[in-house]
Amino acid sequence: MPNLKDLKNRIASVKSTRKITKAMQMVAAAKLRRAQDAAEAARPYAEKMEAVMSGLAQSVGNSDGAPRLLAGTGKSDVHLLVVMTAERGLCGGFNSTIVRKARAQVETLRAQGKTVKILTVGKKGREQLKRDHADKFVGHVDLSDVKRLGYADAARIASNVLGRFDAGEFDVATIFFNRFQSVISQIPTATQIIPAQFDTPDAGQDSGSLYDYEPSEEAVLEDLLPRGVATQIFTALLENAASEQGARMSAMDNATRNAGDMIERLTIEYNRSRQAVITNELIEIISGAEAL
Amino acid sequence: MATKMQFDLVSPERRLASVMVEAVQIPGADGDMTAMADHAPLITTLRPGIVRLDGVEGAAEKAYFVTGGFADVAGPKVTLLAEQAMPVSEVTAEIMDGLIAEARAAQDKARNATDGGTGVDTAGKLVADLEAARASTLG
């Protein structure tokens, strides 16, 4: 039987763990609210961008002069996977789910005989992928000193990706991130950003063709596509940030609850041991008294 | 009184303005233009410059500095998507000088590039536009 002193120490240590996880949960909740607000605020821009681009892409898309960001390089031999994860751990399966999805994609592509390159955003994904895919790394974007995600961060990643595309380093780029569904559910998502893909709008859509474009449809599209890439990356970053906090919140909630259970169990054990000690002492006293 | 229309200015990070206006002056890539209600549908890219609002309801800002982006003019509604935008009253010399320095660096880079320098003109125009905007915002 563990002695009383040990049990008491364990209880104290689990209690302080519970305090920490509780605090982390509350911090995550506050950050989650901010992240959600940021994602909400970014939505009008992204939606408008998407609407205008898909309208344009429809009218320009099939011509010969379509920009390479839309039409692609005509090949799909080299794939760039942009894997976005968190800079910090202790957020449940958040990082692992993204990495798992990316790994599966690497396997699929490799089975098809494609070359895969990986650009990591966030330290945790890099650490996890390093084990078997370190040879495919082409770069890393560090966001650990970014306090508040801004469009500038997304623009930086976008220019990194676009620079590589212009240099002919890859044909297809896909981003991996977690789409925020709710605090308990984040969906690992893969979105192809280069060449640009749009949900085909209803055939009877009237926008696109009605518009005048200045300077010209092609020029506007050419100007918009790089911005579109940056916007998609920005949206992904914000979704990811919200998901990370959501995942951390529920992970810490679980941890807090587990710690509570553990304290309860330990306390019962402690009380039983104490009782046993007292009973023993009583027996000793009584049997001592009887012996007289 | 002229008919009013909805004007929205959105940046990637937030919605900066959403007001009813009579007319909007837009610094289009091909030249300035003014859009009023029921303007023909138009999409134009922007050059760095100042967006002026006429006949704004309430005490909203009347002029914004934008570094680029595009405008979607559609009948009863004008939407401006700007990568960076701020009320003119908040523009300071430091911000403008920073942007101009950035544009200059890009210009130098384009000049030194080996691809025949197609980017030089674009970069030069950006510098010129920014300088003009600096002059008109800071007076």
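Bear in mind that the values in this text are calculations on the coordinates, not laboratory data. From a predicted model like this one, the values you see are computed outputs, not experimental measurements. Glycine gets a Cβ as well: all are built from the backbone with ideal geometry, and neighbour counts include every protein chain shown.
For the reader, a short list of remarks on this structure follows.
- Distance histogram for the protein assembly as shown (every C-alpha pair counted, 10 angstrom bins, percent rounded to whole numbers): 4, 17, 24, 22, 14, 7, 5, 4, 2, 1, 1, 0
- Which of A:TYR270, A:TYR211 has the fewest Cβ neighbours within 10 Å, and the rest in rising order: A:TYR270, A:TYR211
- Among the listed pairs A:LYS22/A:LYS124; A:LYS48/A:LYS136; A:LYS31/A:LYS124, those whose Cα-Cα separation exceeds 28 Å are A:LYS48/A:LYS136.
- All lysines inside 16 Å of A:LYS5 as judged from Cα atoms, apart from same-chain residues fewer than 8 positions distant: A:LYS15
- Relative exposure of B:VAL78, B:VAL56, A:VAL277, A:VAL220, judged by other C-beta atoms within 10 Å (fewest first): A:VAL277, B:VAL56, A:VAL220, B:VAL78
- By the rule of a C-alpha distance below 12 Å, with chain neighbours fewer than 8 residues away ignored, the aspartates and glutamates paired with A:LYS117 are A:ASP77, A:ASP135, A:GLU169, A:ASP171.
- Cα-based shape type of the stretch B:5-87, given that a ≥ b ≥ c are square roots of the gyration tensor eigenvalues and the cut on a/c is 1.5: rounded
- Residues of type lysines that A:LYS8 reaches as a straight line, Cα spacing below 19 Å, ignoring anything fewer than 8 places off in the same chain: A:LYS19
- Near A:LYS130: Cβ cut-off under 13 Å, other residues only, Lys/Arg at +1 and Asp/Glu at -1. The net charge is +3.
- Contact order for chain A, expressed relative to its length and based on alpha carbon pairs under 8 Å spaced 6+ residues apart, stands at 33 percent.
- Close Lys-Lys pairs in chain B, where close means Cα under 22 Å and separation is 8 or more or interchain: 4
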